[in-house]
Amino acid sequence: MRILITGAAGLFGSHLLEHVMKSTDWDAVAIVRLGRIGSLRRLNELMDGHPEWQSRIRVVWHDLRSPVNVYTADEIGPVDYIVHAAASTHVDESITRPMDFVMDNVVATANLLQYARSLDGLEKFHYFSTDEVCGPAPAGVYFDEKAQLNPTNPYSATKAGAEALVNAFGNTYGLPVFVTRTMNLIGERASKEKFLPLVMRKILADEELTIHGDPTATVAGQRHYLHCRNAAAATLFLLKQARQREIYNVVGDEMDNLSFAGAIAGIMGRPLKYRIVDFHSSRPGHDLRYSLDGGKLKRMGFEYPVAFYESLERTVKWTMAHQWWLA
């Protein structure tokens, strides 16, 4: 079997590539663009530690904002699965540069879908989406896969638009598509502006961490956190089990961002200085809480292989030992 992974130089894409190498005998094509957060260091570190993988991984540079031409398609070769994980994801940047996100998340997805139509025998096309397409979740509410879309910033709107394209290509052209909506990912080799590395940098520098909160500045925002290995395991499970044009929530463990930061500080054995601010009222497009219902995947028999705290502890300790990822 042969899998094509877009965004393979990103956080999730590189973890998925690693999981495929460790858990299967498949070969992989890694599509990379090396945009703002993509880094060949992720791929180099993987293959330096496992030189035997080099014969199983083909790295192809392509910017999906342009169609996949015949020369790039020939370089890719035949594939059985496509996992489209490439995306621009930073909410603040989507607010500043919305058209870049339209190109990266909507146009790029359309170009990849068009390419997928040319393939013979494609078994699955997996679109890697986000919990944010459902919009803010009030306390106690967990959106299932049938929830109405309510994107509240350009990032989530472009992911929702891409979801609609994936569904339309599945319906119109019979592509074997499915979508996952995944919550906040953590893992080794994260970009330094992501929340976990940001917390670690603030703690190491003995600086105050800003926690986004409610209008009273007393209640911290909440997220579900999930290690990339668990998300990668869910992807491999669904490449075999997913049904045509279905959506699956990949959830993780919920906690408020202050508790999450406190857990990181505890693992590091250092104090946490923080201040909760009402960021969301002054910056429309940022939501206090996102939440999904993960029951569908659980009912299918999937179990996350790594417990949350174990994965958090491993990530923090690994990053402490590889602090160039914080620089």
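When the residues of the stretch 147-206 are filtered to those that are closer than 22 Å to ALA242 by Cβ and of a type in the set (Val, Ile, Thr), the one that is most open to solvent (accessible area, probe 1.4 Å) is THR172. Quick check on my filter: what residues within the stretch 198-236 are assigned to a helix (DSSP H, G or I) and under 23 Å from TRP324 (Cβ atoms)? LEU198, VAL199, MET200, ARG201, LYS202, ILE203, LEU204, CYS228, ARG229 - these are the residues of the stretch 198-236 that are assigned to a helix (DSSP H, G or I) and under 23 Å from TRP324 (Cβ atoms).
Restricted to the stretch 9-117, the set of helices (runs of 4 or more DSSP H) holding at least 3 residues that are among the β-branched types (Val, Ile, Thr) comprises 70-76, 91-96.
Of ASP104, ASP63, ASP92, which residue is on the phi < 0 side of the Ramachandran plot, crowded, with 20+ Cβ neighbours inside 10 Å and not aliphatic (A, V, I, L, M)? Among ASP104, ASP63, ASP92, only ASP104 is on the phi < 0 side of the Ramachandran plot, crowded, with 20+ Cβ neighbours inside 10 Å and not aliphatic (A, V, I, L, M). If I ask for residues that are more than 22 Å from LYS192 (Cα to Cα) and buried (at least 24 other Cβ atoms within 10 Å of the Cβ), which ones from the stretch 1-10 would you list? Within the stretch 1-10, ILE3, LEU4, ILE5 meet the criteria.
Quick grid of which residues meet (1) not in a loop (DSSP other than H, G, I, E, B); (2) not hydrophobic (A, V, I, L, M, F, W, C):
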| site | (1), (2) |
| --- | --- |
| GLY301 | no, yes |
| TYR304 | no, yes |
| GLU310 | yes, yes |
| VAL316 | yes, no |
| MET320 | yes, no |
| TRP324 | yes, no |
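Within the stretch 171-184, residues that are hydroxyl-bearing (Ser, Thr, Tyr) reach partners that are open to solvent by less than 10 Å² (accessible area, probe 1.4 Å) with beta carbons closer than 6 Å, at six or more positions or on different chains, in the pairs THR180/TYR248; THR180/VAL250; THR182/ALA231; THR182/VAL250. Here is the figure for the stretch 24-67: residues that are under 19 Å from the mean Cα position of the chain (by Cα) and either within 21 Å of CYS228 (Cα to Cα) or without any contact (Cβ under 8 Å) to a residue 12 or more places away in the chain (or both) total 17. Residues that are open to solvent by 30 Å² or more (accessible area, probe 1.4 Å), at pLDDT 95 or above, more than 22 Å from GLU193 (Cβ to Cβ) and in contact with a strand residue (DSSP E or B) (Cβ under 7 Å, 6 or more places away or on another chain) occur in the stretch 122-130; there is at least one.
Can ALA73 be described as out of contact with any His (no Cβ under 7 Å at 6 or more places or on another chain), within 28 Å of LYS192 (Cα to Cα) and either without any contact (Cβ under 8 Å) to a residue 12 or more places away in the chain or not β-branched (Val, Ile, Thr) (or both)? No.
If the condition is being buried (at least 16 other Cβ atoms within 10 Å of the Cβ) and either touching a Ser or Thr at 6+ places or on another chain (Cβ under 8 Å) or assigned to a strand (DSSP E or B) (or both), then the stretch 253-277 contributes ASP253, GLU254, MET255, ASP256, TYR274, ILE276. Residues that are open to solvent by 10 Å² or more (accessible area, probe 1.4 Å) and more than 11 Å from the chain's Cα centre (by Cα) within the stretch 11-20 comprise GLU18, HIS19, listed in sequence order.
Identify, please: which residue in the stretch 21-46 is among the hydrophobic types (A, V, I, L, M, F, W, C) and open to solvent by 30 Å² or more (accessible area, probe 1.4 Å) and is, among those, nearest to ILE186 (Cα to Cα)? Let's see the steps before the verdict.
So in the stretch 21-46, the residues among the hydrophobic types (A, V, I, L, M, F, W, C) come out as 21, 26, 28-32, 34, 37, 40, 43, 46.
Within this subset, residues satisfying the condition of being open to solvent by 30 Å² or more (accessible area, probe 1.4 Å) are 34, 37, 40.
Numbers: LEU34: 20, ILE37: 15, LEU40: 19 Å.
For the stretch 21-46, the residue satisfying everything is ILE37.
Each residue in the stretch 171-195 was checked for being touching a helix residue (DSSP H, G or I) at 6+ places or on another chain (Cβ under 9 Å), farther than 19 Å from LEU288 by Cβ and outside any loop (DSSP other than H, G, I, E, B), and 8 pass.
The values are calculated or read from the model by the stated rules, or taken from the named source; none is laboratory data. Quick caveat, the model's predicted, so the values are computed rather than measured. Methodologically, a virtual Cβ is constructed for each residue, glycine included, from the backbone with ideal geometry; neighbour enumeration extends over all protein chains shown. Surface areas here come from the heavy atoms of the whole protein model, side chains and all, with no ligands, DNA or RNA. Shrake-Rupley method; radii C 1.70, N 1.55, O 1.52, S 1.80 Å.
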